[in-house]
Amino acid sequence: MKPAPFAYAKARSVAHAIELLANDDARLLAGGQSLIATLNMRLSEPALLVDINAIGGLDRVTLKNAHVEIGALVRYAQAERSTEIARAAPLIALALPHIGHPAIRNRGTVGGSLAFADPAAELPACVVALDGEIEIVGPQGQLTVKADDFFKRLFETALTPRDVLTAVRVPAAGTDTRVGFAEFARRHGDYAMVGLAACARADGKRLSNLRLVYFGVGATPVRARRAEPALADGDVEAAVKALADDLEPTDDVQASGAVKTHLAGVLLRRVTQQLARAPS
Amino acid sequence: MSERFHDIAVIVNGEEVRERVDARKTLVDFLREDVALTGSHVGCEHGVCGACSVRVDGVVVRGCLMLAVQCDGARVDTIEGVADTDEIADLQRAFIARNALQCGYCTPGMLLTAQELLARGGVPSREQIRTHLSGNYCRCTGYQAIVDAVEAVAQARAGTKQ
Ligand SMILES: Cc1cc2nc3c(=O)[nH]c(=O)nc-3n(C[C@H](O)[C@H](O)[C@H](O)COP(=O)(O)OP(=O)(O)OC[C@H]3O[C@@H](n4cnc5c(N)ncnc54)[C@H](O)[C@@H]3O)c2cc1C
Ligand code: FES
Ligand code: FES
């Protein structure tokens with residue numbers, strides 16, 4: 001199908017984008033890899049698209065104060081080539097090749113993925129696992145929101161329709177950082193049926209600060225809070241058992257809730273092996 | 001500024017095209033309807049099939065998930081332009097030799113996407129070829145012959161096998 005009519009404006013700066021968003025029923029356009037598909041299907045009919053692709057400075061990856069900052073307009077393909085991300089955000093580097101297909105990764109942006117907040121998307125779970133922060137600029141000024149507080153409900157985040165997500169920041173990996181990532185998808189590049197992003201610190205034989213974050217199992221990224229302490233102590237069996245209490249996946253077109261819980265356990269075993277190794 | 005119709009200038013296959021476009025017109029519809037380049041096809045119109053693949057500023061994108069108005073000032077290359085430059089002549093020959101196309105609907109997208117992988121150099125594994133082409137659907141061939149053709153060209157270009 002073809003989109004319903006809309007007006008279009010190119011934002012010159014973040015401030016200009018916010019000014020344009022004051023119009024009724026305006027929507028930001030980043031990579032367009034979700035938005036234009038929904039417009040084509042007429043699932044959404046905004047009156048104005050505010051294109052942020054030409055805003056300078058939002059497409060950088062920078063290392064500062066022991067953090068990696070990824071600008072909202074950094075495209076997946078660019079992130080895949082980034083040596084900073086490979087070195088300092090290895091969890092994100094592991095997740096990127098699983099997102100869509102090469103042509104989708106050539107356009108789709110890191111900011112768009114977080115703002116869209118698809119419950120089966122890889123990056124929201126990674127950013128929660130990394131205990132990251134999200135930078136938002138709106139009519140009231142600038143705001144930093146912890147990833148834990150950013151993803152609210154299904155496709156709902158801390159962003160209001162007047163805000164621009166400008167960057168995401170995650171702590172830079174150190175020598176004791178351990179990460180793991182795995183997902184099940186029907187075909188390569190499809191959204192995951194179930195996926196797991198994990199991050200921890202190696203602490204002797206134990207793991208500390210362990211975060212196990214599942215995607216595709218709920219309305220938002222879901223932390224497996226009971227499995228975490230079990231796995232941190234090295235008890236994989238207890239951790240897998242605890243998933244039954246941690247996760248309440250509902251049936252969807254891809255799989256039943258029971259199958260998803262089973263797959264979550266399989267992923268946990270795979271990720272446990274990755275967490276035992278220092279990232280290469 | 002915030003209007004529905006916009007004047008754009010796009011370099012399509014090396015030649016400037018000036019047109020007034022409705023903001024809602026996708027890049028692939030613009031190429032087919034306004035520039036009369038029908039080598040880029042329209043399948044699903046929501047990013048899944050890859051039939052609409054074109055290059056914008058050197059990278060392969062979905063022509064159905066980009067708006068023509070966004071391409072003002074950009075360089076767009078379609079299968080017609082890329083074929084004319086002989087950049088993929090060997091790949092086209094390999095597709096014919098191995099029956100890697102039947103109806104041909106997917107072929108322009110397949111060729112552009114495969115060329116993006118081949119341009120990186122080296123000889124990708126069959127698995128890497130399949131992964132790279134995972135976003136391009138073919139309803140006829142069963143993919144085997146397509147992977148064969150891409151692999152053969154990679155080997156030939158690397159000088160390892162003919
Ligand atoms: C075939 C196909 C397969 C896909 N597979 C996957 C997959 O496996 N995993 C996955 O995660 N994704 C997948 N995607 C979606 C893709 O990752 C999108 O790129 C992503 O969801 C949205 O990013 P975008 O930059 O394209 O944003 P857009 O589509 O431009 O925008 C999406 C939404 O976010 C808002 N938005 C965008 N940027 C900002 C910002 N900076 N501030 C505030 N709001 C903003 C927009 O207003 C819009 O509502 C797939 C898409 C397709 C077509
Ligand atoms: S028509 Fe664009 S991906 Fe199918
Ligand atoms: S040859 Fe018919 S779809 Fe591929």
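Things to note:
- The length gained by stretching the chain between residue A:156 and residue A:65 to full extension, at 0.36 nm per residue less their Cα-Cα distance, is 29.8 nm.
- Positive-end residue of B:107, B:54, B:66, charge dipole of the range B:1-146 with Cβ unit charges: B:107
- Expressed in units of 2.2 N^0.38 Å, where N is the residue count, the Cα radius of gyration of the range B:86-158 is 0.96.
- In chain A, lysine pairs closer than 28 Å at Cα, eight or more apart or cross-chain: 7
- Across q = 0.14, 0.17, 0.20, 0.21 Å⁻¹, the range A:108-265 modelled as identical point scatterers on its alpha-carbon atoms has Debye log10 I(q)/I(0) values of -0.71, -1.01, -1.27, -1.34, in the order of the q list.
- In the range A:180-280, chymotrypsin sites (Phe, Trp or Tyr not before Pro) in a DSSP loop with at most 10 other beta-carbon atoms within 10 Å: none
- For the range A:7-51: rounded, prolate or oblate by the Cα gyration tensor [a/c cutoff 1.5]: oblate
- In the frame of its principal axes, the range A:90-130 has Cα extents of 27, 22, 15 Å, reported largest first.
- Summed over both chains, the accessible area lost when A and B associate is about 2600 Å², using a 1.4 Å probe.
- Remark on the range B:118-148: accessible area falls by at least 50 square angstrom from chain-alone to full-complex state for B:134, probe 1.4 angstrom.
- With each label modelled as a point 7 angstrom along the Cα→C-beta vector, the residue A:12-residue B:140 pair spans 5.0 nm.
- Estimated from helices alone, the mean residue ellipticity of chain A at 222 nm is -9000 deg cm²/dmol (sum of -39500 (n - 2.57) over DSSP H runs with n ≥ 4, per residue).
- Stokes-Einstein diffusion for the range A:61-171, with the hydrodynamic radius set to the Kirkwood value over Cα pairs and evaluated at 37 °C in a medium of 0.692 mPa s, equals 237 µm²/s.
- With viscosity 0.692 mPa s and temperature 37 °C, the Kirkwood radius over alpha carbon pairs of the range B:11-120 converts through Stokes-Einstein to a diffusion coefficient of 233 µm²/s.
- Estimated distance in nm for a label pair at residue A:187 and residue B:87, the labels positioned 7 Å out from Cα along Cα-to-Cβ: 2.6
- Scoring A:241-248, B:137-144 by mean Cβ neighbours within 10 Å over their residues and listing the highest first yields A:241-248, B:137-144.
- For the protein assembly as shown, average projected area of the Cα convex hull in nm²: 21.6
- Cα gyration tensor shape of the range A:177-275, rounded if a/c is under 1.5, else prolate or oblate by comparing a/b with b/c: prolate
- Probe 1.4 Å, accessible area per residue of the range A:177-275, Å²: 46
- Take the Cα of residue A:140, step 7 Å toward its Cβ, do the same at residue B:125, and the gap between the two points is 5.2 nm.
The values are calculated or read from the model by the stated rules, or taken from the named source; none is laboratory data. Given the structure is predicted, the values throughout are model-derived calculations rather than measurements. As a convention, Cβ positions derive from the backbone with ideal geometry for all residues, glycine included, and neighbour counts pool all protein chains shown. The protein model used for the area step is the full one, side chains on, heavy atoms only, and it has no ligands, DNA or RNA in it. Shrake-Rupley method; radii C 1.70, N 1.55, O 1.52, S 1.80 Å.
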